[in-house]
1. Could you please find all residues in region 54-94 being among the acidic types (Asp, Glu) and over 22 Å from the mean Cα position of the chain (by Cα)?
2. Which one of these is within 22 Å of the chain's Cα centre (by Cα) and crowded, with 17+ Cβ neighbours inside 10 Å: Tyr290, Tyr311?
3. Quick check on my filter: what residues within region 268-299 are among the β-branched types (Val, Ile, Thr) and in a helix (DSSP H, G or I)?
4. Of the numbered conditions (1) surrounded by 20 or more Cβ atoms within 10 Å (Cβ to Cβ); (2) over 27 Å from Met120 (Cα atoms), Arg220 satisfies every one except a single condition; which is it?
5. Within region 58-76, is there a residue that is touching a helix residue (DSSP H, G or I) at 6+ places or on another chain (Cβ under 8 Å), within 18 Å of Ala235 (Cα to Cα) and surrounded by fewer than 18 Cβ atoms within 10 Å (Cβ to Cβ)?
6. Is it the case that some residue within region 110-127 is over 30 Å from Ala63 (Cα atoms), assigned to a loop (DSSP other than H, G, I, E, B) and in the same structural domain as Gly218 (by TED's automatic domain parsing)?
7. Cβ-Cβ below 7 Å, separation at least six or inter-chain, first residue in region 308-326 and over 17 Å from Ser340 (Cα atoms), second among the hydrophobic types (A, V, I, L, M, F, W, C): which pairs?
Amino acid sequence: MFNIIDQGRRQGLVDNAATPRVSIVLPNLNYRAFLEPRFESILAQTFSDWELIVVDGCSDDGAWELIQDYAARDSRLRVLQSERRGIYDALNRGISQARGEYVYIATSDDTMEPDCLERMVAGLDAHAECGLCHCSLRVIDEQGRTLEGMWRSFPVGRFFGALMDVPHIRLAPHDGILHAAVYTVYVSLTTLLIRRSVFERVGVFREDWGSVCDFEWGMRASLVTSTLHLPEELATWRLHEAQATAELMIGSSVRHRQLAEMVEAALQILEGENPPLWEKIDVDRLLKPYRQQGLGLGLWEQPGKLRKLAYLGRALLREPGLVVDNLREYLLPRSLVPSSLDYIRAELERLGLQDNIRLLDRSPCE
C-alpha cells in the first residue's frame, strides 16, 4: 500500500535549525506571464528571513531564463529543473529541500501582500498549538483586478460567515471533518503557512487525483493539527484560463467521485493519530454529500431518458440507499431538504466537534 508518510521521510525532509525561518516553495511550468509579479511580491516581503526554492518543469516559454535572472540577483533563491511530472511532484521535491521552520507554497500565478509572511509567522510563533496559519484571500482575474465578493461566495465562506472576519483558532479535527462537505476549506495553498513538522507528521502530497490533490492533503493535515485563522486578505488567487485548479469548480460526477475517494483516504490517518475519534467516525455518513452530489450530476450527464434510466438502475444495484435518499429529497419541498452545510454541521455536532473554535481577542500579529 502507498504510504505517503514514509514517502515524505524517504525524500529526506531537511533538518537544519541554522537556516532561514521560512522556506518558500514555488513550482512552475510555463507561467512566464505571471512569474514577474509573483517574484516581486516575494521580494517585497517585510519579513526577510526566508529562502525561495523554485522547481521548474523544464519550461519552454522563457520562464526558466527569468528564474535564473532572479536567482543571479538574490542569494536566497535556490532553483532547479525537474521532469514534467505535475505540480505535486514539484511541490514534494521543493518541500524535501526546505530548511525553514515554516513552509509557504507560492503558486507561480498568484501573489501575496507585503506583510503576508510577517503576519503569518507572528501568528504561528504565538500559537505553538497550531500547525497551520490560514489567511483570507483576495480573488483576482488574469489582469490582477480584484473580483469582489468571490471569497465569500465559496461554500466555506458561507459556512463560517462573519467568523471569517475575526481571528480565531479551529481546533483539530474540525477543519478536517469540514472537508467532507465544503469542497475546499482553504481554497488555495497560498492562504497557508505550514509548520515543516506537519509534513513530517502527515506526509507530503499524493499525486493520485490530478490537479486537486491539495484537497486530500489539507484534509489529512487538518484532521490532526489545529488552524489559526487571520482575517486579513494576505494572499491572492488568480482565476485564468490556463489554471489547473479551475477543474475543481467544474461540477462533474467524476470530480465528486474523486472528492469522495480523497475524503476516505484522508480519514485513514485518524486510525493512528486519534483512535477514539476513529472509532466514532462513520465513513459512509461523511462520504454522503459528495456521493449524493455525484449521483445527481451523473444522472444529469446522461443523454436521453433511456440512458438516464439505465444509469439509475446501475446505481440502485450499487448504492440503493443513496439512490433512495436522492429520490426522497427530490420529491420533498426544497425548504425541507437540508443543505450540505446543514448536514456537516449536524455531523460535527454528532462527533462533539461543534465547539472546536476558540475566538482570539485580537490578531496575534498586532
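1. Within region 54-94, Asp60, Asp61, Glu65, Asp69, Asp74, Glu83 meet the criteria.
2. Tyr290
3. Correct list: Ile269, Val283.
4. The single condition Arg220 does not satisfy is (2).
5. No.
6. Step one: filter region 110-127 for residues over 30 Å from Ala63 (Cα atoms), giving 122-127.
In the following step, the residues that additionally are assigned to a loop (DSSP other than H, G, I, E, B) were identified as 127.
Restricting the remaining residues to those that are in the same structural domain as Gly218 (by TED's automatic domain parsing) gives 127.
Scanning region 110-127 turns up at least one residue that is over 30 Å from Ala63 (Cα atoms), assigned to a loop (DSSP other than H, G, I, E, B) and in the same structural domain as Gly218 (by TED's automatic domain parsing).
7. That search, which allows pairs on different chains as well, returns Lys308/Leu299; Tyr311/Leu299; Leu312/Leu299; Leu312/Val323; Ala315/Leu295; Ala315/Val323; Leu316/Val323.
Each row is one residue, and each column tells you yes or no for (1) touching a Phe, Trp or Tyr at 6+ places or on another chain (Cβ under 6 Å); (2) within 13 Å of Ile269 (Cβ to Cβ).
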site	(1), (2)
Arg196	no, no
Glu207	yes, no
Gly218	yes, yes
Ala221	no, yes
Val224	no, yes
Pro231	no, no
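The values are calculated or read from the model by the stated rules, or taken from the named source; none is laboratory data. As the structure is a computational prediction, the values presented were derived from the model and not from experiment. Counting neighbours? That spans all protein chains shown, and the Cβs are built from the backbone with ideal geometry, glycine included.
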